[in-house]
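Structure first, then comments.
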2 protein chains.
Amino acid sequence: MSAYTKKDFPTHKVRRFLEPGPIVLVSSAHKGKTNIMTMGWHMVMEFSPSLIGCLISSGNHSFEMVKASRQCVINVPTADLAATVVKIGNTSGRDVDKFKVFGLSARPAEEVRAPLLDECYANFECRLSDSSWIAKYNVFVFEVVKAHVATAPKYPRTIHYRGDGEFMISGGNTARWRRLFRPGML
Amino acid sequence: MSAYTKKDFPTHKVRRFLEPGPIVLVSSAHKGKTNIMTMGWHMVMEFSPSLIGCLISSGNHSFEMVKASRQCVINVPTADLAATVVKIGNTSGRDVDKFKVFGLSARPAEEVRAPLLDECYANFECRLSDSSWIAKYNVFVFEVVKAHVATAPKYPRTIHYRGDGEFMISGGNTARWRRLFRPGML
């Protein structure tokens with residue numbers, strides 16, 4: 001697995017890695033335990049404060065951990081981690097310590113107690129910003145309070161879930177249509 | 001531009017085309033006028049009913065049209081439409097009739113008054129399901145009540161926005177990790 005060198009990244013720009021829609025890994029910590037879950041249902045909601053809407057099903061062990069701790073880290077894995085991402089989604093933190101079982105490295109975060117997943121391309125430290133749709137839809141709104149992004153490559157090769165066991169893998173990146181944007185519409 | 005042949009598609013499976021995170025076009029109709037906007041901030045929220053959370057900024061002409069009509073169509077464009085998608089995002093329906101200006105074909109929908117964008121790979125007819133976060137976040141929750149998807153190709157070549165004028169274009173699709181999924185976790 002890749003070990004990325006990372007640097008601080010502006011929190012208002014995390015859309016660069018989340019808006020394209022990759023599967024992400026959500027890490028959490030509560031009462032001395034840590035956990036990881038796979039998440040596909042999320043969206044950017046605001047640049048500044050940097051808000052991300054996320055659906056964490058109440059059936060997941062992470063649901064109670066994130067709800068109680070009011071924190072998590074959203075980690076962006078790349079295609080080399082795909083098999084591990086699937087296995088993380090298959091298992092429950094009630095039964096296993098996923099960091100140990102899958103050989104993942106937990107690095108301490110700066111602003112939250114949830115750990116950073118070292119093997120991921122980017123790590124976004126999050127605090128719960130709005131809990132009012134947790135009961136209704138299992139939707140959490142997080143504020144990204146600290147962001148760490150790999151210094152290379154410029155673009156991660158991310159995996160995007162289609163359901164039914166199928167993934168789309170991110171393809172090329174282009175600025176060829178940038179000249180068509182009006183200033184202020186980027 | 002492609003003219004796709006489409007067929008009815010199960011509404012509880014629209015995640016196959018939305019969960020990977022493409023830029024979509026939202027078409028609307030209200031008081032005899034139609035409009036189109038470009039949208040990158042959306043997420044799947046439930047299979048059945050088929051719920052999609054969408055952020056439509058209140059600065060957009062489409063905001064009032066969708067809010068008042070309580071309907072829209074979410075259309076999935078492919079890479080061949082990328083320049084048009086950018087231009088749609090650049091212009092306001094207050095000033096121009098985007099169907100005319102961009103030479104797009106509006107096909108009548110079955111369940112809503114908003115038109116289907118014929119040149120798009122998929123069209124999801126939506127009714128507003130929850131308006132309680134419109135004032136707070138500009139977030140609309142829609143229920144997909146009718147879905148139309150192209151019969152070919154199997155996978156659309158979609159565009160995924162990164163901000164700053166850059167797009168990621170969808171790459172390969174694979175079921176190579178399907179065998180790792182536990183039944184019921186697909």
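The values are calculated or read from the model by the stated rules, or taken from the named source; none is laboratory data. Source: prediction; values computed, not measured. All Cβ positions, even for glycine, are placed from backbone atoms using ideal geometry, and neighbour counts span all protein chains on display. Quick note on the areas: whole protein, heavy atoms, side chains included, nothing else; ligands and nucleic acids left out. Shrake-Rupley method; radii C 1.70, N 1.55, O 1.52, S 1.80 Å.
Here is how the numbers come out for the structure above:
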quantity: Of all residues making up segment A:141-179, the number that are assigned to a strand (DSSP E or B) and either more than 24 Å from A:P115 (Cβ to Cβ) or at pLDDT below 95 (or both); calculated: 12
quantity: Candidate set: segment B:114-140, residues that are free of Cβ contacts under 8 Å to residues at least 24 places away in the same chain and part of a loop (DSSP other than H, G, I, E, B); chosen: the one farthest from B:L55 (Cα to Cα); calculated: B:S132
quantity: Count of segment A:39-63 residues which are within 9 Å of chain B (Cβ to nearest Cβ) and either open to solvent by less than 50 Å² (accessible area, probe 1.4 Å) or under 19 Å from A:L104 (Cα atoms) (or both); calculated: 10
quantity: Only listed residue being touching a strand residue (DSSP E or B) at 6+ places or on another chain (Cβ under 8 Å), closer than 25 Å to B:P153 by Cβ and either away from every other protein chain (no Cβ under 12 Å) or not aliphatic (A, V, I, L, M) (or both), chosen from B:V26, B:V112, B:V86; calculated: B:V26
quantity: A:S92 touching a residue at least 40 places away in the same chain (Cβ under 8 Å), within 14 Å of chain B (Cβ to nearest Cβ) and of a type in the set (G, A, S); calculated: no
quantity: Residue in segment B:141-179 that is nearest to B:L25 (Cα to Cα), counting only those that are in contact with a Leu (Cβ under 8 Å, 6 or more places away or on another chain), open to solvent by 60 Å² or more (accessible area, probe 1.4 Å) and without any contact (Cβ under 8 Å) to a residue 12 or more places away in the chain; calculated: B:D164
quantity: Condition check for A:V66: in contact (Cβ under 8 Å) with a residue 12 or more places away in the chain, more than 12 Å from chain B (Cβ to nearest Cβ), open to solvent by 10 Å² or more (accessible area, probe 1.4 Å) and over 12 Å from the mean Cα position of the chain (by Cα); calculated: no
quantity: Any hit, segment B:117-127, residues being within 13 Å of chain A (Cβ to nearest Cβ) and of a type in the set (S, T, N, Q); calculated: no
quantity: Of all residues in segment B:28-46 being in a loop (DSSP other than H, G, I, E, B) and within 16 Å of the chain's Cα centre (by Cα), the one that is nearest to A:G59 (Cα to Cα); calculated: B:W41
